[in-house]
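**Q** Below you will find the structure I want to go over with you.
The values are calculated or read from the model by the stated rules, or taken from the named source; none is laboratory data. These numbers come from a predicted model, not from an experiment. Every residue, glycine as well, gets a Cβ built from its backbone with ideal geometry; the counts of neighbours run over all protein chains shown.
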Amino acid sequence: MINSSSQGRAPVTPRRVLHVLLFLTFLLLAVSFAGFSLGSVHIPFSRMLAIFSGEASGIERTILLDIRLPRILLAIFVGAGLSVAGVVFQALLRNPLAEPYILGISSGGTVGALLALWAFAGIAAFAAPVAAFAGCLAVMAIVFMLGHRHGELDTYALLLAGVMVGAFFNAMVLVGFSIANQDMRSAFLLLMGNLSGAGSGSLLLTGPLIVVVSIFVVLRARDFNLIATGDETAMQLGVDVRRFRRVSYVLASLVTGVAVSLSGIIGFIGLIIPHMCRMWLGPDHRLLLPASFLGGAIFLVVADIISRTVISPAEIPVGAVTAAIGAPLFIYLLRRNP
């Protein structure tokens with residue numbers, strides 16, 4: 001269960017929210033500038049300023065504006081979206097272990113995106129996000145069906161079902177590539193997460209959708225607070241619990257599907273960031289949701305910097321970096337929440 005108590009922490013006031021969000025925004029800008037500079041080709045800060053101001057040209061300008069800028073923006077949007085989706089699932093299930101990767105939803109989105117890439121290669125840019133969304137919804141339906149016991153939703157059975165269904169769909173990805181005689185490296189990058197395919201088209205699709213959904217979710221923070229205390233309490237205070245849950249699940253799946261269609265499976269962001277923000281700031285969703293949005297963006301930008309600098313000029317899949325951090329934390333949370 002998620003502890004809804006905020007005892008021992010400062011109350012959530014507009015001033016506190018502003019201070020926290022300004023701090024996180026500054027931190028996001030700092031790690032983004034580090035991401036612009038670091039990589040197989042180091043670009044000094046003074047050179048970056050000259051490029052951004054239009055006073056420099058050459059290969060460094062191409063690297064910065066055509067490769068690193070879209071990649072960092074994609075990391076910001078995907079990290080923010082997956083983190084917000086994690087907060088939504090955790091609030092609705094009242095369980096800090098819930099997140100798109102653990103529930104298997106990301107894997108369903110990957111299968112949907114791959115089917116669209118194979119079947120609709122000519123319009124894959126439009127078909128892949130739609131198919132990924134459909135895959136996310138399908139897996140969510142399967143996992144929730146398996147998670148019901150005696151007519152009640154058992155959240156730990158749900159988590160186990162999510163892990164198993166996710167493993168099954170990951171296997172389907174590899175089998176599909178084997179049958180289709182495709183490059184197995186492509187399957188590997190999809191399963192482990194990859195931000196190298198960032199482009200203006202993907203950003204125009206991803207950015208506005210994730211921002212709009214996140215704003216909607218933040219505006220409903222009060223309802224998430226009430227849901228976290230129990231369905232009966234929420235209904236007594238005017239929340240249409242069934243409708244609210246349905247809409248929230250669909251929106252979280254939509255964000256997950258779009259993120260997966262562009263970056264593959266990047267796990268544990270929806271687990272790590274909400275948990276850290278909850279420990280730091282408390283469980284009030286009026287602060288937790290926007291802080292997780294920025295925190296997810298910061299985390300994935302940092303993970304991307306690590307992925308392309310540790311063994312530069314080669315690159316580690318960014319999903320491997322997030323998994324290396326997230327898997328031990330998942331084990332810790334399992335032991336802490338028996």
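**Q** Tell me yes or no: at least one residue of the range 126-134 is under 16 Å from the mean Cα position of the chain (by Cα), under 30 Å from HIS285 (Cβ atoms) and either without any contact (Cβ under 8 Å) to a residue 60 or more places away in the chain or part of a loop (DSSP other than H, G, I, E, B) (or both).
**A** No, that holds for no residue.
**Q** Scanning the range 67-90 for residues that are closer than 26 Å to ARG242 by Cβ and of a type in the set (A, V, I, L, M, F, W, C), which turns out surrounded by the fewest Cβ atoms within 10 Å (Cβ to Cβ)?
**A** Selected residue: PHE89.
**Q** A follow-up question, please. Determine, yes or no, whether ARG278 is under 15 Å from ALA85 (Cα atoms), out of contact with any helix residue (DSSP H, G or I) (no Cβ under 8 Å at 6 or more places or on another chain) and in a helix (DSSP H, G or I).
**A** no
**Q** I'd like to verify a number: residues in the range 202-251 that are among the aliphatic types (A, V, I, L, M) and under 21 Å from ALA134 (Cα atoms), how many?
**A** 12
**Q** Return a yes/no flag: does the range 91-109 have any residue that is of a type in the set (Asp, Glu), assigned to a helix (DSSP H, G or I), at pLDDT 85 or above and crowded, with 16+ Cβ neighbours inside 10 Å.
**A** no
**Q** While we're looking at this one, here's another question. What number of residues in the range 145-159 are over 20 Å from the mean Cα position of the chain (by Cα) and either buried (at least 20 other Cβ atoms within 10 Å of the Cβ) or assigned to a helix (DSSP H, G or I) (or both)?
**A** Qualifying residue count, the range 145-159: 6.
**Q** Check every one of the helices (runs of 4 or more DSSP H) wholly within the range 4-89 and list those with 3 or more residues that are in contact with a helix residue (DSSP H, G or I) (Cβ under 7 Å, 6 or more places away or on another chain).
**A** Result: 14-37, 45-52.
**Q** Collect the residues in the range 46-66 that are surrounded by 11 or more Cβ atoms within 10 Å (Cβ to Cβ) and either of a type in the set (Lys, Arg) or without any contact (Cβ under 8 Å) to a residue 24 or more places away in the chain (or both), keeping them in residue-number order.
**A** Scanning the range 46-66 gives ARG47, MET48, LEU49, ALA50, ILE51, PHE52, ALA56, GLU60, ARG61, THR62, LEU65, ASP66.
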